[in-house]
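Written below as structure tokens is the structure these notes are about.
The values are calculated or read from the model by the stated rules, or taken from the named source; none is laboratory data. Keep in mind it's a predicted model, so treat the numbers as computed, not measured. Reconstructed Cβ throughout: ideal geometry from the backbone, glycine too, with neighbour counts over all protein chains shown. Each accessible area value is taken on the protein alone, full model and side chains, heavy atoms only, with ligands, DNA and RNA left out. Shrake-Rupley method; radii C 1.70, N 1.55, O 1.52, S 1.80 Å.
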Amino acid sequence: MHVNRRACLLGGASLLAASVTPATAQTPTPSFHRTKHGAFEIISVFDGYMDVAAAGAAANKTDTEVDATLLAAGLPKSRILQPINVTFVRTTSDLIAIDVGAGPNFLDGLGKLGDSMSAAGLDPKAVTKVLFTHGHPDHLWGAIDEFDDSIRFPNAQYMMAAVELDLWLSPDAATKLPTDRANFVPGARRNLTALKDKLSTFKPGQDVAPGIRAIDTAGHTQGHTSFEIAGPEPLIILGDALIHPVISFAHSDWRPAADHEPDRAATMRKALLDRLATDRARILGYHLIRPGLGRVERKDAGYRFIAEAS
Ligand SMILES: [Zn+2]
């Protein structure tokens, strides 16, 4: 268990200090949330919080406009504390992870997936399949152990959209990302190279497991994929199709700085929100309020996120 090895390296004094420090973004408590959906058990497992600049949620708006929207919703201004919710789907034959968290090397406060899985009683060796929504660090860099590059889920088969895999492996990948995100490429290649013997691709619309279909939500990245879980109503595992519980819903035309193709992403968000509201679908968002579950309602000229009571 990598976290324990890291704790050993910190030594006893540091452990004592950590144990009396109040919970913050830097010391998140491992947690998980279970729910049922049709024939499936869904477990939302916590990897930590990303403390990021609010301006990044809307690159085409001023800080004043972004802060006004956050304050009106009762949220702090300037900074956004984004959780990472990794979805596990248990079927009769499989334990499927949708994305793998950030690992500890991307930003402080992340890489807690292993501890949260332990709390949930999930054994990394029991994971049979991993589906990637896209190749950004907070979704992919948890694939390998930071000490020895060993694969964290050694018995799993891995799947990513063909377009997404091509993006990260193409020689000119860095030119297809926002300029200030070009440094995501080496880490993506390192993780994808480690997985290459276990990695296969899919296309949008394809069933990637019984009852689980890949749906095209490209724009955030060129091959971004969400996953639809069959049930009494659809459950859509969103990945980063909708990243903020207020801005992505009320202002789907505001462009997050991390979007690779901002206009396409805005068009995708609007169409997706319309469908989710019409279908009364359940959603689980990677960065929505823990544990990320909820629904979409129309509100004024936009939409709003209704978190599921847990
Ligand atoms: Zn993300």
Residues of the range 158-186 being surrounded by 21 or more Cβ atoms within 10 Å (Cβ to Cβ) and among the small types (G, A, S), which ones?
A161
Within the range 87-132, work out how many residues are touching a helix residue (DSSP H, G or I) at 6+ places or on another chain (Cβ under 6 Å) and closer than 26 Å to P204 by Cβ.
5
For I236, state whether it is farther than 21 Å from A174 by Cβ, crowded, with 22+ Cβ neighbours inside 10 Å and either among the hydrophobic types (A, V, I, L, M, F, W, C) or touching a His at 6+ places or on another chain (Cβ under 7 Å) (or both).
yes
For the range 84-108, which residues satisfy the criterion of being more than 9 Å from the chain's Cα centre (by Cα) and of a type outside the set (A, V, I, L, M, F, W, C)?
R90, T91, T92, S93, D94, G103, P104, N105, D108
In the range 137-184, anything hydrophobic (A, V, I, L, M, F, W, C), more than 17 Å from A218 (Cα to Cα) and away from the ligand (no atom under 16 Å from the Cβ) is listed as I144, F147, I151, F153, A156, L169, A174, A182
Flag for D99 being in contact with a His (Cβ under 6 Å, 6 or more places away or on another chain) and on the phi > 0 side of the Ramachandran plot:
yes
Could you go through the range 96-115 and let me know if any residue there is aliphatic (A, V, I, L, M), out of contact with any Lys or Arg (no Cβ under 8 Å at 6 or more places or on another chain), under 22 Å from G211 (Cβ atoms) and away from the ligand (no atom under 16 Å from the Cβ).
no
Taking strands (runs of 3 or more DSSP E) that do not extend beyond the range 32-105, which have at least 1 residues that are of a type in the set (S, T, N, Q) and crowded, with 23+ Cβ neighbours inside 10 Å?
40-53, 79-90
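Yes/no matrix, rows are residues, columns are (1) within 18 Å of T193 (Cα to Cα); (2) aliphatic (A, V, I, L, M); (3) buried (at least 23 other Cβ atoms within 10 Å of the Cβ):
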position	(1), (2), (3)
L110	no, yes, yes
G121	no, no, no
G135	yes, no, yes
D138	yes, no, yes
W141	yes, no, yes
D149	yes, no, no
Single match in A266, A250, A209, A214 (criterion: open to solvent by 40 Å² or more (accessible area, probe 1.4 Å), away from the ligand (no atom under 16 Å from the Cβ) and of a type in the set (G, A, S))
A250
